[in-house]
Every structure is written in structure tokens, then in C-alpha cells.
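Only one structure is covered here, and it is reproduced in the block below.
The values are calculated or read from the model by the stated rules, or taken from the named source; none is laboratory data. Here the structure is a predicted model, which is why all the values come from computation and not from measurement. Backbone-built Cβ (ideal geometry, glycine too); neighbour counts: all protein chains shown.
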Amino acid sequence: MSKSVSPEALAIIESATKIVITAHDRPDGDAIGATLGLARILREQGKMCYLTGCEPVSEIDQQFLYGDAYAPIPEDVKPADEDTLLICLDCGSAERAVVVPEWLAAGGRVLNVDHHHSNTMFGEVNEVDAQASSSSELVMRLADAAGWAVPESAAEVLWLGLVCDTGRFTYENSSPAALACAARLMECGAKPWEVGGKLYQSKSEEKVRIEARAASTLEFYYDGRLACVSLSQQDFDEFGCGTDVAGDVVNIPRSIRGVEISFFFYEMNGGAETKLSIRSAEPFDATVLAKRFDGGGHKRAAGCSLPVSLDDAKREAFAAVEELWGELVASRA
Ligand SMILES: [Mn+2]
């Protein structure tokens, strides 16, 4: 853990007694892990911490709460107060976090801690490192630099963030620093087998059945280099589950030999909106496609939302693929 953190980041945290902690909504494991982990660390430093704006949607993530709750910011926590700070984790822009634009408009201070390469540096202080595997790794880096104790309950959730964002240490962001962070987290009490059990051996029957439904929709394009699965609102209704169960469905096409671009389309809001989850291998940058539809993410994993039904979303997305990547994907034949 020799990576340095900016003294300004530690100083702005030290200067605050009330700290609002947030991440992007519809949080992933890293957003949950980084926010919960930071709150549990800073409480031990005598800070009042308020988690807000990224309530876990999946039953899996809810297993890590232990009584912690994400709630609206209390009335007596005023953005403009000198002793008050908002720490935004895992958000490439202020708009990705529901509470940040309003906080900034009210003159509040923001510490931006993130690892998206597209980060817009919206904080008063920005602790941004696109080389970091995860925001959870950055939280651990801050703790070690400051000499803060990391309680076991924090180590557990930071481990959650680390394994989720690195795909259990199989993605390109699985750096020596990420593995060093993993070792530190185990020293602080993280138990990979316990987190693994909660993450990977805790599916509901409905989740397995809806994954099977998704697998049955598998389609291939560009000689098998692009594969796609989808779920309609009707599918979610039939299995009586929300879209939160669909978290790793995009791994179904991604797991197929020869597939370089993986899509998972799923309808929300009664079919008025369709989300597209994108995974890609070199040389395809998933953010290029996501940005076309006002989405974002990382080169290898990105997402966006189209305000149309599943069929229309597929049509629009494939038109964009042809335009952005048509030649590139054909050249790989
Ligand atoms: Mn992340």
C-alpha cells in the first residue's frame, strides 16, 4: 500500500465533524462497500457519519448493513456549515450522485473519491486515481495513510467492493496494489470465504430461474463477437422479482468463448425504459457506446438507459454499434 494520497484529502476530512457519505444510486458492490466501509472507519475517529443517496437495492448487498441505514440528510446537517463535509465515492460526475448537485449549489464542501477515468473533478478536493481498482481500495488507502484503524465490519465491506469491481481479481484492474489492499483487508479481519458465501452462494430460486430465462434469449451478431441477452418487464413480473436480481446476467454472454462485446438489455418502469449493461474486451471501449446514450462507466464495463421499450432500445443500440464499431468488429474476422 505504498500509493500516496493527497494531504488535502486527509486535511479536509480531519477538519470536519459531520460527514455525509454518498455514492451513485442503484449502487454496485463497490459503492456499498466504499460508503459503508468509510463510515465505519470514520465513526471510530469520532466523526458523525450520515449515509445517504445510495440505498442498496439487492438482497445480497443488504446482508452487509448490520443496522446501518441510508437515509435522507438530517435537517440539522447544513451544507454550508464549516464543520460539515460531503464525501462522494465512486461517482465520475456530480450528477451521478443524487445529493451532490444540491449540496454544491448550497455552498457545501465536497471531497470526491473515485476511480473512473472520466471523473470531472467536481470536488473542492479530488482524490481520484483511475489506476485504482475500486473506490474501496481508495478508502483503504486513505485509512492507511491517515493511520486510522479499520474495524472488521469495515474490512468486510471494503473486501466486498474490491472483489466486485475486480471480478474476483480477474479483470484488468487487478493490480499489485489491489492485491496488496486485499492482504491489508485480511489483516484487518476480512474473511473472503464469508463474503464469498454471501455474494456467490446466496441466490434465490427466482434469480436462478430468471437467469435461465435470460440465457434462453441469447443472440449472436458479427460472427459471434457480440452476444446479447435480454429480459422484458413481463419476465420480471412473471418471476415476481425486481430488476435488482439481474445484476450479473450480463456475464451470461460474456462467459462465451469468442465474445468480445456483451450486452444485457432489461426493461424497467413497465417497459417505458430499457437499461443496457455493456461488457467489452480490447479494443472495444464500453464507455464510448454508453456515452452515446448519456451513460458511463469503465472501458470494460459500462451502462446506459434508453427511454424506450426493449425492442426499440435494441434497434437503437445496434444502430449505434454499427456506426461506432461496425468496421472495427468486421476487421477482427
Ligand atoms: Mn467502483
>> Among the numbered criteria (1) more than 12 Å from the ligand (Cβ to nearest atom); (2) closer than 29 Å to Q63 by Cα, which one does L138 miss?
In response: (1)
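Would you pick out the residues in region 1-55 that are farther than 24 Å from A301 by Cβ and acidic (D, E)?
Once the filter is applied, which keeps residues that are farther than 24 Å from A301 by Cβ and acidic (D, E), region 1-55 yields E8, E14, E44.
Determine whether A227 is out of contact with any helix residue (DSSP H, G or I) (no Cβ under 6 Å at 6 or more places or on another chain) and free of Cβ contacts under 8 Å to residues at least 60 places away in the same chain. Walk me through how you get there before you give the answer.
Working: out of contact with any helix residue (DSSP H, G or I) (no Cβ under 6 Å at 6 or more places or on another chain): no; free of Cβ contacts under 8 Å to residues at least 60 places away in the same chain: yes.
So A227 does not fit the description; no.
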> Which of (1) at pLDDT 95 or above; (2) hydroxyl-bearing (S, T, Y); (3) closer than 24 Å to E316 by Cβ is the odd one out, the single condition S255 does not satisfy?
Replying inline: (3)
>> Could you tell me how many of the residues in region 88-128 are touching a residue at least 24 places away in the same chain (Cβ under 8 Å), of a type in the set (A, V, I, L, M, F, W, C) and assigned to a strand (DSSP E or B)?
In response: 6
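Taking T22, is it within 24 Å of D244 (Cα to Cα) and at pLDDT 95 or above?
yes
If I go through region 287-313 residue by residue, how many of them are within 17 Å of the chain's Cα centre (by Cα) and either of a type outside the set (K, R) or crowded, with 22+ Cβ neighbours inside 10 Å (or both)?
Residues in region 287-313 being within 17 Å of the chain's Cα centre (by Cα) and either of a type outside the set (K, R) or crowded, with 22+ Cβ neighbours inside 10 Å (or both): 12 in total.
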>> For region 148-167: of the residues being within 16 Å of the ligand (Cβ to nearest atom) and of a type in the set (V, I, T), which is surrounded by the most Cβ atoms within 10 Å (Cβ to Cβ)?
In response: V157
> Looking at region 273-309, which of the residues that are outside any loop (DSSP other than H, G, I, E, B) and out of contact with any helix residue (DSSP H, G or I) (no Cβ under 7 Å at 6 or more places or on another chain) is farthest from the ligand (Cβ to nearest atom)?
Replying inline: E273
> Quick one: in region 120-135, which of the residues that are within 16 Å of the ligand (Cβ to nearest atom) and among the hydrophobic types (A, V, I, L, M, F, W, C) is surrounded by the fewest Cβ atoms within 10 Å (Cβ to Cβ)?
Replying inline: A130
> Do we find that V150 is out of contact with any Cys (no Cβ under 9 Å at 6 or more places or on another chain), within 13 Å of I41 (Cβ to Cβ) and at pLDDT 95 or above in this structure?
Replying inline: no
> Among (1) in contact with a Lys or Arg (Cβ under 9 Å, 6 or more places away or on another chain); (2) away from the ligand (no atom under 16 Å from the Cβ), which single condition is P7 missing?
Replying inline: (1)
>> Can you tell me which residue is nearest to L142 (Cα to Cα) among those in region 96-119 that are crowded, with 18+ Cβ neighbours inside 10 Å and polar (S, T, N, Q)?
In response: N112
> Somewhere in region 171-185, is a residue within 16 Å of the ligand (Cβ to nearest atom) and of a type in the set (D, E, K, R)?
Replying inline: yes
> With region 1-78 as the region, which helices (runs of 4 or more DSSP H) entirely inside it contain at least 3 residues that are exposed (fewer than 15 other Cβ atoms within 10 Å of the Cβ)?
Replying inline: 7-14
